[in-house]
Amino acid sequence: MTAIFFFVLGNKVGSDLENYILYIYSGFIFWNVLAGSTGSSASCFQDNFSLIKKVYFPRFLMPFSHVISKLPDLAISFMALLFALLYFNLDVNIYQFAFFTLLSIIDLVLFGVGLCLIASVLTVRFKGFSVIQPLLTQAFFFVSPIIFDINLTIENSLVRALIRLNVFTGILEIFRFGIFNHSISTHIVVIYSVCAFLICICGLVLFNYEDVTLSDKI
């Protein structure tokens with residue numbers, strides 16, 4: 001997937017970026033975790049209906065497990081990124097890289113857990129949500145700076161606003177700062193990290209509110 005976008009878009013949206021293929025790959029590493037976990041967790045209660053009816057356990061663990069299960073894939077992809085950094089001989093500050101990578105992964109897990117909890121509740125409450133959820137995921141992809149630079153000139157003001165308000169945008173920028181040493185302000189790092197935490201809290205609050213009657217609505 002990274003190679004396809006590199007050859008198709010490399011001369012357009014990536015012309016002003018050094019090591020554009022690494023830029024894309026760093027985006028897809030996190031995107032695969034987020035999209036994969038939210039996609040599978042949305043229907044986790046319907047898929048495990050008989051287990052929920054028979055055995056009591058903290059049900060929030062089901063959406064949570066879908067995020068955690070993607071971390072081994074993230075680790076493998078991250079190892080490939082390390083080899084790529086060595087191959088392209090990027091001048092990376094190892095301490096900065098380690099700190100911002102760890103922070104971005106924590107933010108990703110918090111944001112992913114929040115979205116998975118929200119998606120699983122919405123799927124139970126609104127039967128048609130499972131139909132539009134893949135469409136929302138695709139729309140989310142195009143308002144996230146995975147294949148384009150966040151500073152790319154975009155004429156549509158609504159799209160620009162959605163990109164800036166997107167918490168995943170901030171998570172990617174934090175991660176890429178450790179790799180490419182792009183300019184990023186401290187308050188941006190703090191704001192997006194706090195937003196990722198708040199999304200997780202909102203997911204937990206919504207889930208706890210619906211948890212009592214969850215099995216009756218499936």
Residue in region 4-38 that is nearest to Leu82 (Cα to Cα), counting only those that are modelled with pLDDT of 50 or more and of a type in the set (S, T, N, Q): Ser26
Taking the criterion of being crowded, with 21+ Cβ neighbours inside 10 Å and over 20 Å from the mean Cα position of the chain (by Cα), would at least one residue in region 65-82 satisfy it? no
Name every residue in region 39-49 that is of a type in the set (Ser, Thr, Tyr) and modelled with pLDDT of 80 or more, in order of residue number. Ser40
The number of residues in region 107-141 that are free of Cβ contacts under 8 Å to residues at least 12 places away in the same chain and β-branched (Val, Ile, Thr) is 2
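The values are calculated or read from the model by the stated rules, or taken from the named source; none is laboratory data. None of these values were measured; they are calculated from a predicted model. With ideal geometry, Cβ positions are generated from the backbone for all residues, glycine too; neighbour counts draw on all protein chains shown.
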